[in-house]
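Asks: My questions all concern the structure below.
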Amino acid sequence: MLTAAAINSFKAHIDRTIAYAKYKIGATYYQAPIHKREILSDGRVAVYFTINTTGAATIAEVQLYDTSGQLWATKPENIEVASVQNGVLYRFTFSIQEV
């Protein structure tokens, strides 16, 4: 059985290893910096980034990469952005638990 210290180490590893995000609009991927990381009160690890668009667009996919440029997480999306919006705040959350 994993101890609380082991689970906290996994959370810390996620926090320090995720380096940047990418999002896909049309056929093009755009890179975005991670601007906030936190461990939520329920124990999940959250990573936030902003998706900036220059007008109406559909965000088709979001991704997270580690410090060596390897893809860590990917999620298909269908987020419609109106032309009057400045951007979208996106949050990935990770729950670490022993099963």
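The values are calculated or read from the model by the stated rules, or taken from the named source; none is laboratory data. The structure displayed is predicted, hence computed values, not measured ones. As a convention, Cβ positions derive from the backbone with ideal geometry for all residues, glycine included, and neighbour counts pool all protein chains shown.
Asks: Checking THR28 against (1) within 22 Å of ALA12 (Cβ to Cβ); (2) surrounded by fewer than 11 Cβ atoms within 10 Å (Cβ to Cβ), which test does it fail?
Replies: (1)
Asks: Considering segment 1-22 alone, what residues qualify as being assigned to a helix (DSSP H, G or I), in contact (Cβ under 8 Å) with a residue 60 or more places away in the chain and of a type in the set (A, V, I, L, M, F, W, C)?
Replies: Within segment 1-22, ILE7, PHE10, ILE14 meet the criteria.
Asks: So, one more: Taking interchain pairs and intrachain pairs at least six residues apart, which have beta carbon atoms under 9 angstrom, with the first residue in segment 36-52 and in a loop (DSSP other than H, G, I, E, B) and at pLDDT below 90 and the second surrounded by 15 or more Cβ atoms within 10 Å (Cβ to Cβ) and not hydrophobic (A, V, I, L, M, F, W, C)?
Replies: GLY43/LYS11
Asks: Same structure again: Any idea how many residues of segment 53-76 are surrounded by fewer than 15 Cβ atoms within 10 Å (Cβ to Cβ), part of a strand (DSSP E or B) and among the β-branched types (Val, Ile, Thr)?
Replies: Count: 2.
Asks: Which pairs have Cβ atoms under 7 Å, sit 6 or more apart or on different chains, and link a residue in segment 62-77 that is over 15 Å from TYR29 (Cα atoms) to one that is of a type in the set (Val, Ile, Thr) and surrounded by 12 or more Cβ atoms within 10 Å (Cβ to Cβ)?
Replies: That search, which allows pairs on different chains as well, returns ASP66/THR17; ASP66/ILE18; THR67/THR17; TRP72/ILE18.
Asks: Also, quick follow-up: Take the residues of segment 68-99 that are more than 11 Å from the chain's Cα centre (by Cα) and under 30 Å from MET1 (Cβ atoms): which is modelled with the highest pLDDT?
Replies: Among those residues, the one meeting the criterion is GLN70.
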